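J.: Starting off with a structure, shown below.
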Amino acid sequence: MATQGTVRDVMRDREPIRVGVIGLGRAGRVHLEAWRAVPGAEVVAVADASPTVVNAARVEGLHATAPTRELLATQGLDAVSICAPPVHHAALTIAALEHGLHVLCEKPLATRGDGALRMVRAAAQTGRHLLIATKFRHVPDLLAARELIAAGAIGDPLAFEVDFSSRVDMSGRWNARRSIAGGGVIIDNGSHAFDLVAFLLGPLASVNATRLKAGQALAVEDSVSVMVELASGLIGRVDLSWSFATQRETYVMVHGTRGTLDIGWRQSRLRVTGQEARVLQAGLYDRHASHVAMMNAFVEVVRGARPPWITPVECLRAVAAVDASYRSLRSGRWVPVDAIEDSYLEAPQAPQRLRVNA
């Protein structure tokens with residue numbers, strides 16, 4: 001059971017929820033700035049393992065600490081954003097949940113499937129929310145695209161493409177260290193890509209991953225192309241790279257019998273055969289805005305005003321898709337994605353194959 005001593009009943013208390021941010025690297029800073037823009041939230045504490053980062057945060061006027069246990073014990077704290085490196089996600093999340101806190105965890109949920117399973121079970125046992133920071137589920141154009149696909153605007157979907165490729169020097173970043181990140185570009189960019197595909201088109205059934213020629217001297221994969229088959233039988237492709245930029249204006253394309261949806265960084269369009277292209281939202285992709293929307297949704301979830309935007313099973317399926325991609329990379333074959341079910345949340349042991357890049 002959760003430690004209830006200092007936890008407010010945020011479903012009744014209409015004051016801003018009190019949030020802590022664990023990890024003030026790139027992702028932590030994005031979370032911090034987004035939380036600051038949410039009227040229904042107040043950042044009351046931050047934590048980071050680096051004394052230099054902690055001191056800099058204190059100069060900004062933040063209540064900052066190095067030991068995470070001090071942040072978790074903060075009086076009246078309601079929730080935390082966990083933005084520490086992935087290897088720490090499971091332990092930090094479970095500790096926060098056992099302190100009675102709701103958790104918004106950065107992707108990937110965990111570096112191993114057994115850790116992810118322990119996280120979602122801890123949330124169920126403590127009665128607290130655990131949500132993964134799937135920012136793309138809060139991008140207006142993608143929300144509109146999902147509705148259009150469901151309404152048959154492009155007819156029956158025939159194929160899809162996702163492109164998360166950009167040139168980034170990873171030589172000095174922990175994201176390229178397997179012991180910290182759990183792998184390379186698959187677990188980093190693929191976590192978002194696989195969830196985005198599932199969000200738009202349904203659960204993944206199997207994957208076939210190919211490692212492309214390395215563009216950087218890293219111990220992990222830096223460029224990969226993944227063929228993805230959905231439970232519906234639909235097949236598409238996910239391209240992931242840290243070493244080359246395709247320069248595409250669109251990062252998601254869904255092709256159907258009547259037309260195509262192009263979801264772009266600058267503009268998104270619905271192209272129906274025989275009609276003029278229709279612009280969806282006529283706006284740039286805005287990372288900050290998508291995070292603010294996600295934090296606002298998190299506040300509503302915690303208050304009981306809306307359901308979570310992602311279920312525990314969907315969180316585990318994203319981890320399973322990453323795991324299957326690594327197994328495919330090693331075998332050179334199509335590999336099934338574990339079909340995670342609700343019963344996994346109560347099962348005494350994790351499925352044998354649900355492990356990421358073990």
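The values are calculated or read from the model by the stated rules, or taken from the named source; none is laboratory data. Computed from a predicted model, the values in this text were never measured in an experiment. Cβ: placed from backbone, ideal geometry, glycine included. Neighbour counts: every protein chain shown. Just so you know, the surface numbers come from the protein's heavy atoms only, side chains and all, with ligands and any DNA or RNA stripped out. Shrake-Rupley method; radii C 1.70, N 1.55, O 1.52, S 1.80 Å.
J.: In nanometres, what is the gap between the two model label sites at residue 265 and residue 42, each 7 Å from Cα along Cα-to-Cβ?
T.: Each label point is offset 7 Å from its Cα along the Cβ direction, giving 3.9 nm.
J.: Extension gain residue 286-residue 66, at 0.36 nm per residue separation less the Cα-Cα distance, in nm?
T.: Values: separation 220, 0.36 × 220 = 79.20 nm, distance 3.10 nm.
Computed gain between residue 286 and residue 66 is 76.1 nm.
J.: Running a GNM on the chain with Cα contacts under 10 Å, which residue among 50, 325, 225 ends up with the highest mean-square fluctuation?
T.: Maximum fluctuation in the GNM of the chain, among the listed residues, is at 50.
J.: Helix 113-126 versus the longest principal axis of the chain: what is the Cα-based angle in degrees, 0 to 90, to the nearest 10?
T.: Tilt relative to the chain: about 50 degrees.
J.: OK, next. Once you have a ≥ b ≥ c as the square roots of the Cα gyration tensor eigenvalues for the range 130-284, tell me rounded if a/c is under 1.5, and otherwise prolate or oblate according to whether a/b is larger than b/c.
T.: Here the range 130-284 falls in the prolate category.
J.: Let me ask you something else. Provide the solvent-accessible area of residue 258, counting protein heavy atoms only and rolling a 1.4 Å probe, rounded to the nearest 10 Å².
T.: 110
J.: Let me ask something else. Roughly how tilted is helix 26-36, in degrees to the nearest 10 and between 0 and 90, from the longest Cα axis of the chain?
T.: 70
J.: Follow-up question, since we're still on this one. Need one number: % antiparallel among DSSP beta bridges in the chain, to the nearest 5. Can you show the working numbers first?
T.: Details: 32 of 58 bridges.
Antiparallel: roughly 55 percent of the beta bridges in the chain.
J.: Then there is this: Could you work out how far apart the two model spin labels at residue 247 and residue 55 are, taking each label as a point 7 Å from the Cα in the direction of the beta carbon, and quote it in nm?
T.: 4.5
J.: I would also like to ask the following. Test of understanding: in a Gaussian network model of the chain with alpha carbons linked when under 10 Å, which of 191, 232, 81 would top the mean-square fluctuation ranking?
T.: In the Gaussian network model the winner is 232.
J.: To continue, here is another question. Can you give the helix-only mean residue ellipticity at 222 nm for the chain, where every DSSP H stretch with n ≥ 4 adds -39500 (n - 2.57) and the sum goes over all residues, rounded to the nearest 500 deg cm²/dmol?
T.: -10000 deg cm²/dmol
J.: Still on this structure: Can you list the residues of the range 141-174 with backbone N under 15 Å from a point 7 Å past the Cα of residue 225, pointing along Cα to Cβ?
T.: 160-165
J.: Which distance in nm do the two modelled labels at residue 171 and residue 306 give, with both placed 7 Å along the Cα-to-Cβ direction?
T.: It is 4.4 nm.
J.: By how many degrees, between 0 and 90 and to the nearest 10, does the Cα long axis of helix 312-331 differ from the longest principal axis of the chain?
T.: For 312-331 against the chain, the angle is about 60 degrees.
J.: Sticking with this structure for a sec: Once R0 is set to 22 Å, what does the formula 1/(1 + (r/R0)^6) return for the Cβ-Cβ distance between residue 330 and residue 235, expressed as a FRET efficiency to the nearest 0.05? If you can, show how the numbers build up before the last one.
T.: Working: r = 21 Å, r/R0 = 0.97.
My answer for the efficiency is 0.55.
J.: Between 42, 147, 60, find the one with the highest GNM mean-square fluctuation for the chain; connect C-alpha pairs within less than 10 Å.
T.: 60
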